[in-house]
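Visitor: I am attaching a structure below and will ask some questions about it afterwards.
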Amino acid sequence: MHLALLVIFLQCSGVYTQERVFTFNNVEIRAEPSAKVKNGAPMSIICHADISKSANFHLQHNITIFKDGKLVYMIVSDKEVARYEVPIARSADTGDYECTVKADGKTKSSKSLHVWVTGMTKPILTAEKREVLEGEVVKLRCELPEEVPPLQFLFRKTKTNSTPKEKLVFEAYRNFSTAEFSVEEGDNILYFDCFGKRFVKHTNFELESSEPSNRTLVTVKEPFIKPSLIIKSTSNITEGDRIEFECSTVVARMRDIEIILQKNKTILNSVRDEKLLKYSAVATLEDSGEYLCKVEQGRASKTTKLNVVVAELFPKPILSASMSKLDENKELTLSCSISGFRKANFSILRRNSNGDILLKNSRNLTVRVNVNDTGSYICKAEVKGIVKESKPVRISVYAPVSKPTLSVVSGLPEVVLGKPLQLICRLMMGTPPITFTFYKGNEVKKVVINDTYATFLDENIRQNDKRGYKCDARNNHSSGVKTSNILNITVIVPIRNASLGSIPYGDVEDGSGTAFLCSVEEGSWPIHFKIFKKTDHDTLLYEKTESTDRIVWHKETMSRQDTGTYYCMVSNRAKVNVKSHPITINVILASWQKGVIAAFVLILIVGAITLTVWWFLCKKKKAKESSMEMSRSALATNSTNEKLARQHNDGDYYSGSGYIEDGENHMKSTDENKDLEIFKR
């Protein structure tokens, strides 16, 4: 029974599970009446889920609506549709909307929908004051109460018959902004308004503007009237007259009022907390021009201009000189005059950096000049306290030039071929500026204007160039040109191709002499020759300076220690060392030394041969003596043995044996004698 109930339960569970199957087909989002809504109109954002079910069962949906990624609406319902109502759409409602539906562990989102609320609310403008003084500021506040930052605010100031002035302010975090406008001179009735602007995303961040705000009227009062600038003296002003200025105004309050009188941006006089300014001076021609009276209080400022013309009492004096350039010890006459005017007090002065030096209170001056009188001179004329000064006149007094001296900058009158030659022309005396002229032969090479010296660089030096150099000098003195002595230059030819040889060359007998020859192919005399032997620190063997292109050095006796490598080093005044190719000397034995050695060797060989022969003969002789002694000993032994044997064997026949024995003995003695002669021999 229990088993049957379990089977029934499992079947029912399977049926229930099959009935709860569902899937999201699609989730859609839309805006009503459309995705483009006018500012202030109602708007609805609708999210709809299209779901397929295996059976008709209740399914709870969690529906959320997002704007620009932020949650704006959420509902849990068994319905598949949700509505987010916006009764009054504002520009802040513009954005990208998206909805998400969750049910029983499954989630589905819609595509993004961009909604654009067109237009902006009307901004509200308020002014801190409706009545201000010139120089003060008007503080404004513009607000867009139903808009969301970031926003831009445009403030405008408008006055009658003028172009509006604008100020643009960006607000990243506020829906309002403030601005200030200065009240300037001439402002009387001012109007202010403002606009709001915002960025529209779907139009590539273009700006959308609101309608103008309310128009605010601000009236302006003058803190003081425009100043009055007058001259109390006569209208026709001449140099020497006293000129008096008066500048005045009317103010509402005296505090912080300031009056300034100026000419060409130079302040002549000023007063504070007063209504009147006075200024007077003796008129000069330089006082002609435009004068300006300015009244300031706080930020307020008003000005009045007055043009003044001062008539000339007398023209500037003219200083004339008998000569502007003259020799020393000559007379110079200076004269001061005024065109068409003779009654004046004249004085003649010399310019000086520490102050002009008075020479004479007169219209004329005659002096005998020297070089120190060179300088600028002026004259002054005074009439009715007015002093005028002439233009300066330059006077130059010249001392004659001395005879110039021409020399080589490096010192000696010589130059290395291929190197430039620098000459200097000097003067001991002469008033500058001085004109120097350099000549090579009779050809002008360079002209220089300087004070006391000049230089010339000749880069075209030739070996056989025989032309001399000279220079002349002149200034504005009447004595004319002075010329130096002719300077002849020695051209030094550098050493070229040094070589070293020897006699004999290569092998040299010990004890004999050797001649070393060091020579050059080209080079100016005198030439310094050096002969070296190569060692760890090359050894100088010989050196000599000669006015020739070669030297010979005789080394009287050569030894085995003189074997080695030799070279020569050559130089002249060009100061360039030229090294020859090395040569090798090999010191060998002399002929007589070779003969002595050969004789000695021959004697040794003969002695050795003689000793060898003697030794061989001695050895042979000893061998023969030893052999003969051994032979004699053997023969004697054999003879005795034979005799004994015969005696023993023939004892029974004694009678017949005597003759035979004697015969044998005779033969034996004969043989022995022969052997002795042979040994003796």
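The values are calculated or read from the model by the stated rules, or taken from the named source; none is laboratory data. If you're wondering where the values come from, they're calculated on a predicted model, not measured in any experiment. Reconstructed Cβ throughout: ideal geometry from the backbone, glycine too, with neighbour counts over all protein chains shown. We work out accessible area using only protein heavy atoms, side chains counted, and drop any ligands, DNA or RNA first. Shrake-Rupley method; radii C 1.70, N 1.55, O 1.52, S 1.80 Å.
Visitor: Go through region 353-376 and report how many residues are outside any loop (DSSP other than H, G, I, E, B) and either under 21 Å from PHE341 (Cβ atoms) or of a type in the set (A, V, I, L, M, F, W, C) (or both).
Guide: Within region 353-376, the first condition is being outside any loop (DSSP other than H, G, I, E, B), and the residues that meet it are 357-360, 364-368, 371-373, 375-376.
Within this subset, residues satisfying the condition of being either under 21 Å from PHE341 (Cβ atoms) or of a type in the set (A, V, I, L, M, F, W, C) (or both) are 357-360, 364-365, 367, 371.
Residues in region 353-376 being outside any loop (DSSP other than H, G, I, E, B) and either under 21 Å from PHE341 (Cβ atoms) or of a type in the set (A, V, I, L, M, F, W, C) (or both): 8 in total.
Visitor: Can we say ILE318 is open to solvent by 80 Å² or more (accessible area, probe 1.4 Å), within 57 Å of the chain's Cα centre (by Cα) and modelled with pLDDT of 90 or more?
Guide: yes
Visitor: Would you please list the contacts, defined by Cβ atoms under 8 Å and residues six or more apart or on different chains, that run from a residue in region 441-453 that is in the same structural domain as ILE486 (by the TED database) and under 15 Å from ARG474 (Cα atoms) to a residue that is charged (D, E, K, R) and open to solvent by 80 Å² or more (accessible area, probe 1.4 Å)?
Guide: Matching pairs, first to second residue: THR452/ARG426; TYR453/ARG426.
Visitor: Report yes if some residue within region 57-68 is charged (D, E, K, R), open to solvent by 60 Å² or more (accessible area, probe 1.4 Å) and not in a strand (DSSP E or B); otherwise report no.
Guide: Scanning region 57-68 turns up at least one residue that is charged (D, E, K, R), open to solvent by 60 Å² or more (accessible area, probe 1.4 Å) and not in a strand (DSSP E or B).
Visitor: Can you name the condition, by its number, that LYS111 falls short on among (1) touching a strand residue (DSSP E or B) at 6+ places or on another chain (Cβ under 8 Å); (2) open to solvent by less than 80 Å² (accessible area, probe 1.4 Å)?
Guide: (2)
Visitor: Separate question: Of all residues in region 153-182, which are free of Cβ contacts under 8 Å to residues at least 24 places away in the same chain and either in a strand (DSSP E or B) or surrounded by 15 or more Cβ atoms within 10 Å (Cβ to Cβ) (or both)?
Guide: Of everything in region 153-182, those that are free of Cβ contacts under 8 Å to residues at least 24 places away in the same chain and either in a strand (DSSP E or B) or surrounded by 15 or more Cβ atoms within 10 Å (Cβ to Cβ) (or both) turn out to be LYS165, GLU166, LYS167, LEU168, VAL169, PHE170, GLU171.
Visitor: Are any residues in region 90-108 closer than 10 Å to PHE66 by Cβ and surrounded by fewer than 18 Cβ atoms within 10 Å (Cβ to Cβ), and if so, which ones?
Guide: Hit for region 90-108 is ASP96, nothing else.
Visitor: In region 417-428, is there at least one residue being among the hydrophobic types (A, V, I, L, M, F, W, C), more than 30 Å from THR238 (Cα to Cα) and open to solvent by 30 Å² or more (accessible area, probe 1.4 Å)?
Guide: Within region 417-428, one or more residues are among the hydrophobic types (A, V, I, L, M, F, W, C), more than 30 Å from THR238 (Cα to Cα) and open to solvent by 30 Å² or more (accessible area, probe 1.4 Å).
Visitor: Only strands (runs of 3 or more DSSP E) wholly contained in region 444-552 count here; list those with 1 or more residues that are exposed (fewer than 12 other Cβ atoms within 10 Å of the Cβ).
Guide: Hits in region 444-552: 490-492, 507-509, 514-522, 539-546.
Visitor: Which condition breaks for SER301 when tested against (1) of a type in the set (Ser, Thr, Tyr); (2) at pLDDT 85 or above; (3) surrounded by 14 or more Cβ atoms within 10 Å (Cβ to Cβ)?
Guide: (2)
Visitor: Residues in region 230-238: is at least one within 60 Å of the chain's Cα centre (by Cα) and surrounded by 17 or more Cβ atoms within 10 Å (Cβ to Cβ)?
Guide: Kept after step one, since they are within 60 Å of the chain's Cα centre (by Cα), are these residues of region 230-238: none.
No, region 230-238 has no match at all.
Visitor: Still on this model: Scan region 269-288 for residues that are of a type in the set (A, V, I, L, M), loosely packed, with under 15 Cβ neighbours inside 10 Å and closer than 19 Å to VAL309 by Cα and report the count.
Guide: Total meeting the criteria: 2.
Visitor: Given the structure, is TYR398 surrounded by 13 or more Cβ atoms within 10 Å (Cβ to Cβ), touching a helix residue (DSSP H, G or I) at 6+ places or on another chain (Cβ under 8 Å) and touching a residue at least 24 places away in the same chain (Cβ under 8 Å)?
Guide: Working: surrounded by 13 or more Cβ atoms within 10 Å (Cβ to Cβ): yes; touching a helix residue (DSSP H, G or I) at 6+ places or on another chain (Cβ under 8 Å): yes; touching a residue at least 24 places away in the same chain (Cβ under 8 Å): yes.
When the stated conditions are applied, TYR398 passes them.
Visitor: Another question about this same structure. Mind checking whether some residue in region 202-223 is assigned to a strand (DSSP E or B) and in contact with a helix residue (DSSP H, G or I) (Cβ under 9 Å, 6 or more places away or on another chain)?
Guide: The initial filter retains those residues of region 202-223 that are assigned to a strand (DSSP E or B), namely 206-209, 216-221.
Okay, now just the ones that are also in contact with a helix residue (DSSP H, G or I) (Cβ under 9 Å, 6 or more places away or on another chain), so 208.
Yes, there is a match, as at least one residue in region 202-223 is assigned to a strand (DSSP E or B) and in contact with a helix residue (DSSP H, G or I) (Cβ under 9 Å, 6 or more places away or on another chain).
Visitor: Here's a follow-up. Which one is farthest from ILE318 (Cα to Cα), of the residues in region 355-378 that are among the polar types (S, T, N, Q) and within 52 Å of the chain's Cα centre (by Cα)?
Guide: Looking only at region 355-378, we keep the residues that are among the polar types (S, T, N, Q), and these are 361-362, 364, 366, 370, 372, 374, 376.
Add one more test, that the residue is within 52 Å of the chain's Cα centre (by Cα), and what stays is 372, 374, 376.
Working: ASN372: 24, THR374: 19, SER376: 14 Å.
Taking the candidates together, the pick is ASN372.
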